[in-house]
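Since the structure comes first, as structure tokens, the remarks are kept for the end.
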Amino acid sequence: QVQLVESGGGLVQPGGSLRLSCVGSGSIFNISDMGWYRQAPGKQRELVARIFSGVTTNYARSVKGRFTISRDNAKNTVYLQMNSLKPEDTAVYYCSITLRSMYDGTARVYWGQGTQVTVSS
């Protein structure tokens, strides 16, 4: 069983910064990618950023240049540094991890419970 726990969310003024952390535990092997998603009230969940095994990253256009995803493999932890925050960044942020079988390529996706980020003056 895999568990992911996010932390670091909170209330911040526009232009401020936050760093989110996600710590994984359990049977974590063969990581395909780790990522951050967010969901605002009444909106679809959307990709924020992903990081792959070769440290390749992918960002949503709306956050590119402001957010940075990174990971510490030894700690099974992924981070999201968020700078120049805007009110439209307000959402619940979810950590995810995708594990892919080395035998048949089957993917398994796990999610954290989410952490609230509110950007408001």
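The values are calculated or read from the model by the stated rules, or taken from the named source; none is laboratory data. None of these values were measured; they are calculated from a predicted model. Heads up, the Cβs are rebuilt from the backbone with ideal geometry, glycines too, and the neighbour counts pull from every protein chain shown. The protein model used for the area step is the full one, side chains on, heavy atoms only, and it has no ligands, DNA or RNA in it. Shrake-Rupley method; radii C 1.70, N 1.55, O 1.52, S 1.80 Å.
Sites listed here are trypsin sites (Lys or Arg not before Pro) in the range 22-121 whose DSSP assignment is loop and whose Cβ has at most 16 other Cβ atoms within 10 Å: Lys43, Arg45, Arg61, Arg66. Averaged per residue, the range 2-121 has 56 square angstrom of accessible surface, using a 1.4 angstrom probe with ligands and nucleic acids left out. About its Cα centre, the dipole of the range 44-121 is roughly 120 debye, where the only charges are +1 on Lys and Arg Cβ and -1 on Asp and Glu Cβ. Whole-Hz Karplus values for the range 95-109 come out as 8, 9, 9, 10, 10, 10, 4, 7, 8, 10, x, 4, 9, 10, 10 Hz, taken residue by residue from phi with 6.51 cos²θ - 1.76 cosθ + 1.60 and θ = phi - 60°; glycine and proline positions read x.
Straight-distance candidates among the aspartates and glutamates for linking to Lys43, with alpha-carbon spacing under 20 Å and chain neighbours fewer than 8 residues away dropped: Glu88, Asp89. Restricting the chymotrypsin sites (Phe, Trp or Tyr not before Pro) of the range 28-96 to loop positions (DSSP other than H, G, I, E, B) with no more than 14 neighbouring Cβ atoms within 10 Å leaves Phe29. Note: relative contact order over the chain, using C-alpha pairs below 8 Å and six or more positions apart, is 36 percent. Dipole of the chain computed with +1 at Lys/Arg Cβ and -1 at Asp/Glu Cβ about the Cα centre; of Val48, Gln1, Trp36, farthest Cα towards the positive end is Val48. For the chain, which whole percent of the accessible surface, found with a 1.4 angstrom probe, sits on carbon and sulfur atoms? It is 47 percent, rounded to a whole number. Mean sequence separation of contacting Cα pairs (under 8 Å, at least six apart), scaled by the length of the range 29-70, corresponds to a relative contact order of 32 percent. Karplus-derived 3J(HN,Hα) values for the range 5-21, using 6.51 cos²θ - 1.76 cosθ + 1.60 with θ = phi - 60°, are 10, 8, 7, x, x, x, 9, 9, 7, x, x, x, 9, 9, 10, 8, 10 Hz; glycine and proline are entered as x. When the Gaussian network model of the chain links Cα atoms closer than 10 Å, the mean-square fluctuations of Asn58, Asn83, Asn73 top out at Asn73.
A Gaussian network model of the chain, with springs between Cα atoms under 10 Å, assigns the largest mean-square fluctuation among Gly15, Gly65, Gly105 to Gly105. Computed over the range 51-105, the P(r) tail beyond 17 angstrom holds 47 percent of alpha carbon pairs.
Look at where the Cα atoms of the range 1-75 and of the range 78-119 average out, and the two centres are 4 Å apart.
What's the Cα-based Rg to Rh of the range 75-120, Rh via Kirkwood?
With Rh from the inverse mean 1/r over Cα pairs, Rg/Rh is 1.14.
At q = 0.10, 0.13, 0.22 Å⁻¹ the log10 of I(q)/I(0) for the chain amounts to -0.29, -0.48, -1.27, computed by Debye summation with a single uniform scatterer per C-alpha, solvent ignored. Under 5 Å between amide hydrogens, built in the peptide plane, is the criterion, and for Gly114 it picks out Glu6, Cys95 among residues at least 5 positions away or on other chains. Of all aspartates and glutamates in the structure, those lying under 17 Å Cα to Cα from Lys75, and not within fewer than 8 positions of it along the same chain, are Glu6, Asp33.
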